[in-house]
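The values are calculated or read from the model by the stated rules, or taken from the named source; none is laboratory data. The structure presented is a predicted model; accordingly, all values stated were derived computationally and were not measured. With ideal geometry, Cβ positions are generated from the backbone for all residues, glycine too; neighbour counts draw on all protein chains shown. For accessibility, only protein heavy atoms count, side chains too; no ligands or nucleic acids. Shrake-Rupley method; radii C 1.70, N 1.55, O 1.52, S 1.80 Å.
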Amino acid sequence: MDYDIKDINLADKGRLRIEWAEQNMPVLRLIRERIRKEKPLKGVRLSACLHVTTETACLVQTLKDGGADVVLCASNPLSTQDDVAASLVRHTEIPVFAIKGEDNDTYYKHIYAALDLNPNITMDDGADLVSILHSKRRHLLPNVIGGTEETTTGVIRLKSMADRGVLRYPIIAVNDAMTKHLFDNRYGTGQSTVDGIMRATNRLIAGTVFVVAGYGWCGRGIAMRAKGFGADVVITEINPLKALEAVMDGFRVMPMLNAAKIGDFFVTVTGDINVIREEHFKVMKDGAIICNSGHFNVEIDIPSLKKLSKKRRIIREFVEEYTLKDGRCINLLGEGRLINLASAEGHPSSVMDMSFANQVLSAEYIVKKGGELEKNVYPVPEDIDREIARLKLDAMGIKVDRLTKEQRKYLASWEMGT
Ligand code: ADE
């Protein structure tokens, strides 16, 4: 079996960590038990481009148990957990192409290696796999019946491909399922981003000004958690509705140029380019800490930070201190890549449980219904979303009420008013 990982001897450590994650993924476990027997993915070749974490290990093992032939590559050069990659290769014989800290060339070489499987299904996080397949490996397109996409940035890219008529097969937008973004994006990113900042810096958050750029589901989660740690949270936004929501949630909202002057910590989660740039670096306080938790490392304009600097050094792991020509220092965390996966371990397994349950059930749906779908981006079917919520509540031991007959009748009627 061909693979490219850091060190196969890390496998046993990885296995224990995967087991730890699995204990907290009851919904995925239930699905795994069922598909291990039913084998709905039998004969399917599936190329996955995902963050190589303990939770992803549970996902790809489930897909394999369901009958799929799976290969895994990293969806970000800094997010791979090398012990997990080793365990997948040694203990489950799933080929993995991922090394934490790989350079850009290796990152793409690994994507090509995953595509060498000649997939019928793609499972992507950020749409790099789909993008390479549509540009550099077009001859493989006729064999693909469908794909899934994990994240907001990927869904935006794929919708743009569909709008321009270049998307060649249907994609299920897993990100847009309620049981994905309401929990993973909000509580997962909220906790893991603050965790990443704390692990990288070991700084106290209480009493600081903590600037969050972007008030989507991820931004809301980060703001909520930073507030919980005692920070004075400032939000920057371009969307008036989200800005208004942030104000009513109790946060200060202002343009980045104003926030830049007062912030101690900055986190970007907008999905857009150069959100923190030269004009902002020029007014930041000495010692400001900047990082990103959006999918790509484009939200902070690192080339212009380099241009403004006379010196830079790695002052501790995941912290690069830039000394500007006027003597001020700005600290960039995790090379501007997803800080929650660079210096921490990504979202906790309990939320990935629902995200990855959506992935497996969407892959199963593609096998059943892929032939009927157009070359477009589709939502996760509502019944899958509801079923995952139901299973999660069950696993948490939480019961909910059911509508009475009278209530069902009332909701179906239009005649009854005051
Ligand atoms: N994205 C964010 N957190 C993750 C995790 N723990 N595993 C896989 N993908 C993720």
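Summary of values
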{"item": "Some residue of region 389-405 being open to solvent by 30 Å² or more (accessible area, probe 1.4 Å) and either in contact with a strand residue (DSSP E or B) (Cβ under 8 Å, 6 or more places away or on another chain) or within 16 Å of the ligand (Cβ to nearest atom) (or both)", "result": "no"}
{"item": "Residues that are within 16 Å of the ligand (Cβ to nearest atom), under 18 Å from Ile121 (Cα atoms) and surrounded by fewer than 21 Cβ atoms within 10 Å (Cβ to Cβ), drawn from region 18-60", "result": "none"}
{"item": "Neighbours by Cβ (under 8 Å, 6+ apart or cross-chain): first from region 331-347, open to solvent by less than 10 Å² (accessible area, probe 1.4 Å) and β-branched (Val, Ile, Thr); second outside any loop (DSSP other than H, G, I, E, B) and within 14 Å of the ligand (Cβ to nearest atom)", "result": "Ile339/Thr193; Ile339/Gly196; Ile339/Asn292"}
{"item": "Residue in region 235-257 that is closer than 21 Å to Cys329 by Cα, surrounded by 15 or more Cβ atoms within 10 Å (Cβ to Cβ) and over 22 Å from the mean Cα position of the chain (by Cα) present", "result": "yes"}
{"item": "Failed criterion for Phe296 (all others in (1) open to solvent by 20 Å² or more (accessible area, probe 1.4 Å); (2) on the phi < 0 side of the Ramachandran plot; (3) more than 15 Å from the ligand (Cβ to nearest atom); (4) in contact with a helix residue (DSSP H, G or I) (Cβ under 7 Å, 6 or more places away or on another chain) hold)", "result": "(3)"}
{"item": "Subset tally (residues that are within 10 Å of the ligand (Cβ to nearest atom) and either touching a Cys at 6+ places or on another chain (Cβ under 6 Å) or on the phi > 0 side of the Ramachandran plot (or both)) for region 322-377", "result": "1"}
{"item": "Breaking point among (1) farther than 18 Å from Tyr365 by Cβ; (2) modelled with pLDDT of 95 or more, for Lys42", "result": "(1)"}
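Residue-wise test of (1) polar (S, T, N, Q); (2) under 30 Å from Ser131 (Cβ atoms).
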site	(1), (2)
Lys6	no, yes
Asn9	yes, no
Leu30	no, no
Glu38	no, no
His51	no, yes
Ala68	no, yes
